[in-house]
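To keep things clear, I will list the structure first and then write my remarks on it.
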């Protein structure tokens, strides 16, 4: 299956279970590693240094818009933090909410597909196909579909107004609700797939043993099933939280957001591609990356698994 | 009460699946809309959009660009990633920790940072952005996913098969190409499909490094402001049908085989 990547990125996945293979020392290893590693150094590591360099640049005195020269202008960071403080906070709040909602939706779904449907391989396979189906159709068009469903003339708003659940002048698009909704939708498969991968391998004898020891189903879930699925939950939450924090599609004005919902991604895009304020965009990117790395390492440390790849 | 709880779980996850499907169905249905200019309100059923896909400006050319970019980046990333995966499982070498970190970081970095970083580098080097820079960017973020996918396959490879090859006096080269490589093909194909899907649907990194070049997601993004032509829905739906058909054949075929085995055993 194409999305096996999520299975093996789950710590303690099939990699650990495999029979140990003899690892040799050989110059062949160098030739195998060299092209890919060089490529990543050229196009992943050095761009990060470019980003650092750019983030300290200052504008050329009397130059055009978008003209910058090498400098050590730390004020760039102070400026972007004070200007975009709300956007930074908003990104982390929206992403956290979306992660929680995706977990609440994704875990039961993964459980049903991975455990309950095990006795019916055909149905399990079909449900799995539905779970990965969103990957095969443009995510931009899917997000736009929600925009049109939630539009003021759309069915949902109309129905809610008829039932008088929302006031007549209310709207859904362009609100924090629709952005978090869109993020939750977009990353639900990323949450559910790794959880499915661990639950699918769950040994049901443990669950039976729990029942034999007179634990009620809730206790069995809390003490047996859930702890055993934690590697999947960690992969799923990371695969949701990281891209959601940097996302700028859902929060974009043309999609589910408005200027009041702009996230860090929107600000980075606007500064880089529209305003040509490259230092500000670079500083914001680095702040985003560092905050995510810090949060993720705390999260992974606390959950007790370091082995991620 | 317990019975009701069980029932609730099925309904809840069924609803989650329906939730996932709604925008897909919406996109497909609106590919048949007699939309004329803006494809927002339902104006009646038609096949016209499907019969004349390239009617809307830039839809087909951007789709072609996306296929080209995804194809080239998939080949490059799969080749480099497979080699790394083999090295990681099979060989001992120094800087292993650094290598795994280097492979993990691109996956843990938000796309907007990857995109802005590369764009900053191209800017400093004065590189003209276009299809080539998009391919460079896509290959970069696909490598790690290829490594993860292929590595899982290499790790579960039965070493006894290779040993048998050696016992039969096959040279190391023969063992690799006649035994190891064929066994790895499913993993490599999975990795290539994943790369292709990731590259084909990528927008954020592409947007930073595209310059004037249009890919299909970029086309959709820029068209979103003034209204998406129904032809874009046609392309997306067409791709969806092809992909889902492939997956269905693989998945259902496998499930039927397992079910038969279960019945026989």
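Every number in this text was worked out from the coordinates using simple rules, so none of it is lab data. In this text, all values refer to a predicted model and were calculated from it rather than measured experimentally. Positions of Cβ are backbone-derived with ideal geometry, glycine not excepted, and every protein chain shown enters the neighbour counts.
Could you give the angle, 0 to 90 degrees to the nearest 10, between helix B:2-29's Cα long axis and the longest principal axis of the Cα atoms of chain B?
60
Residue B:8 versus residue B:263, label points 7 Å from Cα toward the beta carbon: distance in nm?
3.7
Going by how many other beta carbons lie within 10 Å of each one, how would you line up B:26, A:196, B:169, fewest first?
So the residues, fewest neighbours to most, are B:169, B:26, A:196.
At 222 nm, what helix-only mean residue ellipticity would chain A give, in deg cm²/dmol to the nearest 500, using -39500 (n - 2.57) for each DSSP H run of four or more?
That comes out to -19500 deg cm²/dmol.
Fully extended, how many nm does the chain gain between residue B:100 and residue B:225 (0.36 nm per residue separation, minus their Cα-Cα distance)?
Contour length minus the Cα-Cα distance gives 40.9 nm.
Hey, what number do you get for chain B at 222 nm if only DSSP H runs of n ≥ 4 count, each worth -39500 (n - 2.57), divided across all residues, to the nearest 500?
-25000 deg cm²/dmol
Is the shape of the stretch B:58-228 rounded, prolate or oblate, going by the alpha carbon gyration tensor and its root eigenvalues a ≥ b ≥ c, with a/c under 1.5 for rounded and a/b larger than b/c for prolate?
Prolate.
What does the C-alpha gyration tensor say about the overall shape of the stretch A:130-242? Classify as rounded when a/c is under 1.5, otherwise prolate if a/b is larger than b/c, or oblate.
prolate
Just to be sure I understand: with springs between alpha-carbon atoms less than 10 Å apart, which residue in B:223, B:160, B:120 has the highest mean-square fluctuation in the Gaussian network model of chain B?
Between B:223, B:160, B:120, it is B:160 that shows the largest mean-square fluctuation.
If you fit an axis through the alpha-carbon atoms of helix B:131-155 and take the longest principal axis of the Cα set of chain B, what angle between them do you get, 0 to 90°, nearest 10?
Computed tilt is about 40 degrees.
With a cut-off of 8 Å between alpha carbons and a minimum separation of six or more residues, what is the relative contact order of the stretch B:58-228 in percent?
For the stretch B:58-228, the relative contact order is 43 percent.
Quick one: among B:236, B:164, B:224, which has the greatest mean-square fluctuation in a GNM of chain B with alpha-carbon springs under 10 angstrom?
Judging by the Gaussian network model, the answer is B:164.
Where does helix B:111-125 land angle-wise versus the long Cα axis of chain B, in degrees 0 to 90, nearest 10?
Between helix and principal axis, roughly 90 degrees.
Rounded, prolate or oblate for chain A? Axes are the square roots of the Cα gyration tensor eigenvalues, ordered a ≥ b ≥ c, and the cut-off for rounded is a/c under 1.5.
Here chain A falls in the oblate category.
Treating the Cα atoms of the stretch A:50-119 as identical point scatterers in vacuum, please give the log10 of the normalised Debye intensity I(q)/I(0) at q = 0.12, 0.20, 0.23, 0.26 Å⁻¹, two decimals.
One equal scatterer on each Cα of the stretch A:50-119 leads to -0.59, -0.90, -1.00, -1.07.
Which one, A:72, A:177, A:92, has the greatest fluctuation when you compute a Gaussian network model over chain A with C-alpha springs under 10 angstrom?
Of A:72, A:177, A:92, the most mobile in the Gaussian network model is A:72.
Roughly how crowded by other chains is peptide B:152-160, in terms of the mean Cβ count from those chains within 10 Å of each of its Cβ atoms?
For peptide B:152-160, the averaged partner shielding equals 5.
Among A:82, B:195, which comes first, second and so on when ranked by fewest other beta-carbon atoms within 10 Å?
Going from least to most buried by this count: A:82, B:195.
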